[in-house]
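Structure, as structure tokens:
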Amino acid sequence: MIESYIPIFLILAVAVVFGVVSANMSWLLGPQRPNRAKNSTYESGMEPVRTAHDRFSVKYYMVAVLFILFDIEVVFMYPWAVQYRNLGLYGFVEMVVFIGILLVGFVYVIKKGALQWD
Amino acid sequence: MDVLDIAIALIKIVVMFVVVLLTVAELVYTERKISAWIQNRVGPNRVGWLGLLQPYADVVKLLLKEDIVPAAANRFIHTLAPVISIGVAFSTLAVIPIAGPTITLFGRTVHMVIADVNVGILYVLALTSMGVYGLTLSGWASNNKYSLLGGLRSAAQMISYELSMGLSLIGVIMITGSLQLTDIVHHQHGWMWNLVLQPVGFITFLVASFAETNRAPFDLPEAEPELVGGYHTEYSSFKFALFFLAEYANMITSSAVITTLYLGGWQVPYLETFGLSDGWMVLVQILAFMLKVAFLLFFFQWVRWSVPRFRYDQLMNLGWKVMLPLAIANIVLTGALLLFL
Amino acid sequence: MTFETILFYVLALAGIVSALLVITRRNPMHAALFLIVNFVALAGIYLTLHAQFVAITQVLVYAGAIMVLVLFVIMLLNLQNEQDLFEKRSWRSYSGPILSLLLLALLLRTVAFVSGGSFDRISPESERIGTVANIGQQLFTAFVFPFEMASLLLLAAMVGAVILAKKRFP
């Protein structure tokens, strides 16, 4: 059964090799004439102001955390969905309880304005 | 698993690569032609007959340009990011079945799918999650405010819509009872395409696919007026081409996945009644699959030039406050219906 | 030297090397990338144990979601390359490696005790146990209580995340 995964390794290897070869092809084929203007960071023609790595908003962090939590919920749903026909009403009620608890959390998050993107 | 099986797998992989690369080239051309017709102009018609060689001219031009990496950029990650994007875009096609019956080649039965893994759908989703890194790392590695902001925004957009994608699939899995893509396609015989059985799921998955591939109307991260080039501002020459290659390859992959999951994959309704031999059936089914994928690709491009772009907060609100509850409601409804029917 | 054994050794080597690279890189971004490689190697090892669902979930959740969060945090906090701290060689700096070695010895002893001394036998049941169908069957019949507790855990995490980041919200 693990034999069916070998083509996956193969295709990943081929895709990576293709990516690496083509990403470096232009370095091989094109001219290389660096000068100060070309090597500087782009800022619509001005000199760059401050470094790029200043602190950014915490909204992105909130999105990532909520994504993890809901991703775990989705992962729990996959085995449930595969066995759904065998689990019957009992399984349905279990999952509704699970979703319900997480929906309580979701409503809390929305009411608190954590997903407010202004 | 011996050398001959590996050789057959490699042949399938190479054929798939070549077909996808050619299709991507054609997509570049059709995008410009379709946008031209929608905007009442002509589009490329100089290079080759009707301008069909235009994408190849573009590729050659981009190959011969200078590869500029800004001095402040992190060179290794700068080169790694498009490799991740393109690697993920191609690898997802390993689990898509393109025809039903098996053919015999060199004495072995060959299934018309590269890797028939029994967690097929999860493999597609896992690779989509890895694809987020391509954009995020390119934004970071360029050491440029615009790139970083574009990269972060597109990463946040992609992960928000990944949830709706995953949740829409639960309905399909509940109906089929298996994660294997070949089983899902086999289940959709006759008129029972999942499009009919899961209309809400189809719509949420379609919208989420638009957002995952960063296609309009969800293409704010690469919108020119807003963020210059977004995450690919500091990329030139072939790495820039690789990002676009990756975007079109992602379009092809998304269309193939939507076709497999909702439009019946290679199924042609009631084809068995014609009593064709295996070889002919394979050909007809491959053709049907390609027509469905082509229609979806046309749909992707049609929507781009017809609909205005979302603002970023509208986009995130849609993803979290509309699509997520809708997908969950779809699951509960499907569950209830399956119990009582 | 069957194919599975070679595959295991390759994946284990990849996992160890990437783990070592994680803790020795100065640039936090490089360290995070090597951690992603480590997680993918772990997923490969799970595959050799026929635990397909766990393997794909490892890539989907760990390498795909949690590392995205780590990357966001590194980018948002603008973590610079780590400066060398000068620390006197006290008993504290030796206790770390010694405790790790003790932990390793304990783990090896436990595994040897459980598996009866041989390390390269995979239970013949594992092919049946690792499928998604079986996990679905077990998780929602025999183990339903931990499953519901997991939902409470996730709820607590959601509330915690909102409170931690609360300063910015009106």
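How long are the semi-axes of the equivalent ellipsoid of the stretch B:298-341, defined as square roots of 5 times the Cα gyration tensor eigenvalues? Whole Å, largest first.
Numbers: eigenvalues 186, 54, 4 Å².
Each semi-axis is √(5λ); the values are 30, 16, 5 Å.
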Checklist line | Sites matching chymotrypsin sites (Phe, Trp or Tyr not before Pro) across the stretch B:108-200 that sit in DSSP coil, with at most 14 neighbouring C-beta atoms within 10 Å | finding: B:Trp191
Item checked: Derived scalar couplings ³J(HN,Hα) [the stretch B:255-263; Karplus, 6.51 cos²θ - 1.76 cosθ + 1.60; whole Hz; x for Gly, Pro] -> 4, 5, 5, 4, 4, 5, 7, 10, 9
Checklist line | Packing-based order for C:128-136, C:11-19, using average beta carbon neighbours within 10 Å, highest first | finding: C:128-136, C:11-19
Checklist line | ³J(HN,Hα), Karplus 6.51/-1.76/1.60, whole Hz, each residue of the stretch C:97-107, x for Gly, Pro | finding: x, 5, 5, 4, 5, 4, 4, 4, 4, 5, 5
Next item on the list: Please give, to one decimal in nm, the separation of the simple spin-label points placed at B:Leu53 and A:Tyr90, each 7 Å out from Cα toward the Cβ.
Entry: 7.0
Margin query: Please list, ordered by chain and number, the residues whose modelled amide H lies under 5 Å from the amide H of B:Ile68; skip anything fewer than 5 residues away on the same chain.
Written below: B:Ser236
Notebook entry, point to check: In terms of modelled amide H atoms, which long-range or inter-chain residues lie less than 5 Å from the amide H of B:Val110?
Noted result: B:Ile103, B:Thr104, B:Leu105
Check: Top mean-square fluctuation among C:Ala156, C:Ala41, C:Ala31, Gaussian network model of chain C, C-alpha springs under 10 Å?
Finding: C:Ala156
Next item on the list: Would you mind giving the mean number of other chain beta-carbons within 10 Å of the Cβ of each residue in B:91-98, as a whole number?
Entry: 3
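From Cα pairs below 8 angstrom and at least 6 apart in sequence, can you work out the relative contact order of the stretch C:3-130, rounded to a whole percent? Present the calculation step by step, with values, prior to reporting the outcome.
On the way: 88 pairs, mean separation 32.6, N = 128.
Rounded, it is 25 percent for the stretch C:3-130.
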Item checked: Gain on full stretching of the segment that runs from C:Ile16 to C:Ala157 - 0.36 nm per residue minus C-alpha separation -> 47.7 nm
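Please tell me the relative contact order of chain B in percent, rounded to the nearest whole number, where contacts are Cα pairs under 8 Å and at least six residues apart. Intermediate values should be presented prior to the final figure.
On the way: 480 pairs, mean separation 79.3, N = 341.
Value for chain B: 23 percent.
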Next item on the list: Quick one: what are the phi-derived ³J(HN,Hα) couplings along the stretch B:96-110, Karplus 6.51/-1.76/1.60 with θ = phi - 60°, whole Hz, x for glycine and proline?
Entry: 8, x, 10, 7, x, x, 9, 10, 9, 9, 6, x, 10, 7, 10
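For peptide C:51-62, what's the mean number of Cβ atoms from other chains within 10 Å of each residue's Cβ? Before the final figure, lay out the partial values.
Numbers: counts 0, 10, 8, 0, 5, 11, 9, 1, 7, 16, 7, 2.
If you average over the peptide's residues, the count of other-chain Cβ atoms is 6.
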Margin query: Let me check against my output: what whole-number percent is the relative contact order of the stretch C:1-78, with C-alpha pairs under 8 Å and at least 6 apart?
Written below: 28
Margin query: If amide hydrogens are placed 1.01 Å from N in the peptide plane, which non-local residues have theirs closer than 5 Å to the one on B:Gly265?
Written below: B:Thr260
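Read-outs: derived from the displayed coordinates by stated rules, not from any lab. Just so it is clear, the structure is predicted and the values come from calculations on it, not from any experiment. Using ideal geometry, Cβ is built from the backbone for each residue, glycine included, and neighbour counts are taken over all protein chains shown.
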